[in-house]
1. So ASN209 clears everything in (1) loosely packed, with under 15 Cβ neighbours inside 10 Å; (2) modelled with pLDDT under 95; (3) not β-branched (Val, Ile, Thr) except one condition, right? Which one?
2. Please work out which residue is surrounded by the most Cβ atoms within 10 Å (Cβ to Cβ), limiting yourself to the stretch 135-155 and to residues that are in contact (Cβ under 8 Å) with a residue 40 or more places away in the chain and assigned to a loop (DSSP other than H, G, I, E, B).
3. Exactly one condition in (1) modelled with pLDDT of 95 or more; (2) surrounded by 15 or more Cβ atoms within 10 Å (Cβ to Cβ); (3) under 15 Å from ARG97 (Cβ atoms) is not met by GLU164; state its number.
4. Read through the list (1) within 20 Å of ALA55 (Cα to Cα); (2) under 19 Å from the mean Cα position of the chain (by Cα), then give the number of the only condition that ASP120 fails.
5. Return the only residue of ILE220, ILE251 being touching a residue at least 40 places away in the same chain (Cβ under 8 Å) and assigned by TED's automatic domain parsing to the domain that holds ALA109.
6. Check every one of the helices (runs of 4 or more DSSP H) wholly within the stretch 249-308 and list those with 3 or more residues that are farther than 22 Å from GLN36 by Cα.
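The values are calculated or read from the model by the stated rules, or taken from the named source; none is laboratory data. A quick note: this is a predicted structure, and the numbers were derived from the prediction, not measured. Positions of Cβ are generated from backbone atoms using ideal geometry, with glycine treated the same way; all protein chains shown enter the neighbour counts.
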Amino acid sequence: MQNKSHPVRMIAVDMDGTLLGPDGHVSPRNLKAVLQAEKAGIEVIVATGRRHCYAMRQLRGLGLREENAVISSNGTVTRTIGAKLLERNLMQPHTARWLCGHIDEFRNALVITFDMVGPDGEDARGSLVVEHLEELHGSIGKWMAANEPYIEQVVPIEKALEAEAPIQMMLCGTIERMRRAEARLLEHPGVSAVGVNPQEHTSAEISLNRTEYPERNLSIVDILPAGCGKGSALLRLAASRGLKAEQILAIGDNWNDVSMLEVAGQKVLMGNAPEDLKQTALERGWPVGRRHDEDGVAHAIEAVLAEA
């Protein structure tokens, strides 16, 4: 139920598994609800693990306002729909180089992301750097094919860190292998655990986020600069708009959404979330809504609009 003393003025929506249906597109009902929220004076923010350029493939042409923000790369970068840079967090190159050695066993699953977005919202080749191609084509083949124009192979991968500072590193593979990779990363005290609000761990050098797709046996472990996450980026954006956390509704479906669900005054976890995350939501008293193939985002937004 909406708190009448803190009406929702901002809605933060994840993309994959949330705003996007199983076909990878925004359904007519979800889009109608988003546009109705905007018409009612509520700012709708997209908060995604995708980098800005890749997110815009689905957001461009929907009729969203150019000044609306997109929190991308799990909170490391915030831009407007119109590609104006609002915030960017870079990983220290020496930290990135150390990580390449620390996760040596998993180097064949590693992708390093650089922010090379131009005024038109497009990336350049080299915004994604890999050392090994075979393992990644096996685990995220469709993503690799879709992003081929931006991928550069660099051997050893540390060479890519000589000129630019990255915004993100990610490991992709089976759920079991990525759980091992996450455990390897967490052996270092400077790494904060997945699903933890990074604001609570100010001594950390690195923040982790995990996204799991059990039906595909796929897990992505995002390695972010310290203090980064959807939750912290969302709070900073809201503060810049003069809004409080209590005025935010967050809607997400996966572990990388936990930090924004934690900080938002209202939250809805999608019904297609992993079962262990749904159990966590129930333990915390978070509402579990409908699935992404049932227009779960529209249901959540419509409920807010009905109570306005």
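1. That leaves (1) as the condition not met.
2. Ranking the candidates gives ILE140 first.
3. (1)
4. Answer for ASP120: the failing condition is (2).
5. On the way: ILE251 fails: assigned by TED's automatic domain parsing to the domain that holds ALA109.
Among ILE220, ILE251, only ILE220 is touching a residue at least 40 places away in the same chain (Cβ under 8 Å) and assigned by TED's automatic domain parsing to the domain that holds ALA109.
6. Details: elements: 258-263, 275-284, 296-307.
In the stretch 249-308, the matching helices (runs of 4 or more DSSP H) lie at 258-263, 275-284.
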